[in-house]
1. Every residue in region 77-111 that is more than 8 Å from the ligand (Cβ to nearest atom), open to solvent by 30 Å² or more (accessible area, probe 1.4 Å) and under 22 Å from residue 43 (Cα atoms), please.
2. Among the residues of region 112-140, which ones are open to solvent by 60 Å² or more (accessible area, probe 1.4 Å) and under 14 Å from the mean Cα position of the chain (by Cα)?
3. Which of the residues spanning region 112-145 are of a type in the set (S, T, N, Q), touching a strand residue (DSSP E or B) at 6+ places or on another chain (Cβ under 9 Å) and more than 6 Å from the ligand (Cβ to nearest atom)?
4. If we only count helices (runs of 4 or more DSSP H) wholly inside region 19-137, which ones have 1 or more residues that are farther than 26 Å from residue 149 by Cβ?
5. Provide a single number: the residues in region 162-182 that are more than 26 Å from residue 122 (Cβ to Cβ) and surrounded by 13 or more Cβ atoms within 10 Å (Cβ to Cβ).
6. Any residue that is surrounded by 17 or more Cβ atoms within 10 Å (Cβ to Cβ), modelled with pLDDT of 95 or more, of a type in the set (Ser, Thr, Tyr) and assigned to a strand (DSSP E or B) - is there at least one of those in region 141-158?
Amino acid sequence: MTSAPETLSGDRVRLRRWRDEDRAPFAAMNADPRVMEFFPRTLERTESDALVDRIEAHFGRYDFGLWAVEVPGVAPFIGFTGLHFAQFSAPFTPCVEIGWRLAYGYWGYGYATEAARLALAHGFSALALAEIVSFTSVTHLRSRAVMERLGMRRDPADDFDRPALPEGHPLRRHVLYRLDAGSYGAKG
Ligand SMILES: CC(C)(COP(=O)(O)OP(=O)(O)OC[C@H]1O[C@@H](n2cnc3c(N)ncnc32)[C@H](O)[C@@H]1OP(=O)(O)O)[C@@H](O)C(=O)NCCC(=O)NCCS
């Protein structure tokens, strides 16, 4: 794999490595029940900081990860979007997942999709990945809409239970969306 560039820039968004100043707004997002609706619970500041540390460790190990997202001229930090190795075992792992989490005030502008397109392009070109997947709770329609806008495809046969969530938990059942390098390339 080639070394990651410092930033990936699109028409409106910029994906970059994390800065210390991102930690406070990230903690505020992770404490917001609207942002965390499809996660088991909101995060405390120390848990949010520990997540940033894990994201940074992933960059250190693989040269790619969940980039901090900036919208130049609008906001220095609106959340993250990027690529990372799934951290659990399932029939489709090991795999590289694409994921996103934006502060509530930045939903509804297309920023997640634009940022994800930059991450996909990097994953299939610079990193030469064969496939990128994404998954979420069946009921998380906003996240599924991002996956569909990206041209990712769901096969119901791939649906799975998230191992970290107990049986009967409303968020346990997940859908899996896939995009392979061939289909991505064919899309142009
Ligand atoms: C999932 C999440 C990133 C989706 O955010 P989003 O704002 O719906 O997605 P996008 O940034 O792609 O924006 C798409 C919306 O912006 C609108 N939009 C406005 N201006 C736009 C523009 N210039 N270009 C593109 N879309 C634009 C689109 O029409 C679309 O609106 P719609 O949802 O009413 O159809 C966001 O809800 C989130 O961070 N949730 C919390 C964290 C989370 O659950 N992450 C996923 C875990 S699996």
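The values are calculated or read from the model by the stated rules, or taken from the named source; none is laboratory data. These figures come from a predicted structure and were not determined experimentally. A quick note on method: Cβ atoms are made from the backbone with ideal geometry, for glycine too, and the neighbour counts reach across all protein chains shown. Only protein heavy atoms, including side chains, enter the accessible area calculation; ligands, DNA and RNA are left aside. Shrake-Rupley method; radii C 1.70, N 1.55, O 1.52, S 1.80 Å.
1. 84, 85, 87, 88, 105, listed by residue number.
2. Scanning region 112-140 gives a single hit, 117.
3. 134, 137, 139
4. 23-30, 45-62
5. Residues meeting the conditions: 6.
6. The answer is no, given that none of the residues of region 141-158 is surrounded by 17 or more Cβ atoms within 10 Å (Cβ to Cβ), modelled with pLDDT of 95 or more, of a type in the set (Ser, Thr, Tyr) and assigned to a strand (DSSP E or B).
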